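The block underneath contains the structure these notes are about, expressed in structure tokens.
The values are calculated or read from the model by the stated rules, or taken from the named source; none is laboratory data. Note that the structure is a prediction, hence the values are computed from the model and not measured. Positions of Cβ are backbone-derived with ideal geometry, glycine not excepted, and every protein chain shown enters the neighbour counts.
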Amino acid sequence: MGLDIALVGYRSNPYSGGQGIYIHYLSKALLEAGHRVDVISGPPYPDLVDGVGLIKIPSLDLFAVKSHVTALRPRHLRSWSDTYEYFSMLTGGFPEPYTFGRRLVNYFRQTRPRYDIVHDNQSLCWGTLKLQQSGIPLVTTIHHPITSDRDIALANEPDWGMRLLIKRWYSFVDMQTRVARQLKRIVTVSEQSKRDIIEAFAIEPARVSVIHNGIDTETFQPIPGIERDPMRIMATASADQPLKGLQYLLHAVAQLRETYPAIELVVLGKLKPNGDTDKLVSSLGLRDRIRFVSGIATSELVRLYAEAGIVVVPSVYEGFGLPAGEAMACGAPVISTCGGALPEVVGDAGLLVPVRDPAAIAAAVSRLIENDEERHRLAIAGRQRIQKLFSWKVTAAKMVDYYNAGLQDAA
């Protein structure tokens, strides 16, 4: 018998990050397994397959307006959530998880929907905790503790004024920490994330279960007839997020350019003009060797993976490592750091290097450039590993077993 499931996320567009991808594929896999699925989301809204319901929880969506300073309207002052969202954003905060939770509770109070399970996708807000306290069966996915993002951002910022702004931006983490400690059922996507969550939030290990993410191996697959360019390196990395480690890859490319003048780096990510990464590209003299790509369709992303000779994942930390898995599914030879859960995904089907080590990245890239046979071996091994161990069908089946076990415990 199918379950009625609500997947909840404060923002769920797949181009907003891994959380949106998780919502898209998990909802699709649960639907295909015979369950009824709604996604309840704030903007930007998710990309969903036909058959999955979408319930929109509007916000001010201040990231989408031309200027959030001038976005306030008199009608917003009649709503505490709108007023809080505006002034928190104005003062450098990130209020979306908190205000989404308030609106979510209001939606449940007004409509009284009936779901067997409400599954929160890392909102970790007071609102979802209130749903649990009201008797609604709640499961929460924590991809990784955001404390990691905050701590790395602070460690990479020497200016005290910017450090204050970073602390202000991440002030929502205090709420998430306090909420996490009261949740009954937590799912995370890797053993590494489980260890980090237990340490960051001081949670009993028995309350945290691991169900790995899946990879869409039907979409992310090799494209016959496209020849890989061994001099083209590809990376998926948010340009100005220290957590993603792009700066270390840039230093590695600068080293490699001396030996391989034709080397090219394609970065799936948006470059902020005059940001730290933009300045680093200029200082390293790499402007003509790097191309940043953003806002592309999935089909174009798969083609970029097919054309790349090598894919590098330079992250300092990953709660799962979706880009590594997608690249491997596409048959691309992968070099990855040992950051976070990446070794769990890559295993022995890629080359692993230490975090924050440009010389190690450069050596691994050089090794693969010089060895056609090893690139071919890793390409095959990577695809096989993802097909065998990671699929959304398997993820959905494990998730449903987890839902049912929770429902039996609550009965």
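Of all the residues in segment 99-126, those that are in a loop (DSSP other than H, G, I, E, B) and among the hydroxyl-bearing types (Ser, Thr, Tyr) number 2.
Filtering segment 347-368 to residues that are touching a Gly at 6+ places or on another chain (Cβ under 7 Å) and aliphatic (A, V, I, L, M) leaves ALA349, VAL355.
Every condition in (1) touching a strand residue (DSSP E or B) at 6+ places or on another chain (Cβ under 6 Å); (2) modelled with pLDDT under 90 holds for PRO14 except the one numbered (1). When the helices (runs of 4 or more DSSP H) confined to segment 334-409 are screened for residues that are of a type in the set (A, V, I, L, M) and closer than 25 Å to ASN213 by Cβ, those reaching at least 3 such residues are found at 342-346, 372-389. Taking segment 121-154 as the range and being under 15 Å from the mean Cα position of the chain (by Cα) and of a type in the set (Asp, Glu) as the test, only ASP149 passes. How about segment 127-165: which of its residues are in contact (Cβ under 8 Å) with a residue 12 or more places away in the chain, assigned to a helix (DSSP H, G or I) and surrounded by fewer than 17 Cβ atoms within 10 Å (Cβ to Cβ)? Residues satisfying the conditions are LEU154, ALA155, LEU165.
State whether the residues of segment 387-404 include one that is over 19 Å from ASP216 (Cβ atoms) and in the same structural domain as LEU268 (by TED's automatic domain parsing). No: segment 387-404 contains no residue that is over 19 Å from ASP216 (Cβ atoms) and in the same structural domain as LEU268 (by TED's automatic domain parsing). Restricting the first member to segment 180-205 and to residues that are within 26 Å of GLY325 (Cα to Cα), and the second to residues that are among the aromatic types (Phe, Trp, Tyr) and part of a loop (DSSP other than H, G, I, E, B), the beta-carbon pairs closer than 8 Å and six or more apart or on different chains are VAL189/PHE320; SER190/PHE320; SER193/PHE320. One residue stands out among those in segment 28-39 that are touching a Leu at 6+ places or on another chain (Cβ under 7 Å) and crowded, with 24+ Cβ neighbours inside 10 Å: the one that is nearest to TRP392 (Cα to Cα), which is VAL37. Look at segment 346-369: where a residue is in the same structural domain as HIS251 (by TED's automatic domain parsing) and over 12 Å from PRO333 (Cα atoms) and a partner is aromatic (Phe, Trp, Tyr) and crowded, with 21+ Cβ neighbours inside 10 Å, sitting 6+ places away or on another chain with Cβ atoms under 7 Å, you get ARG356/TYR248; ASP357/TYR248; PRO358/TYR248; ILE361/TYR248.
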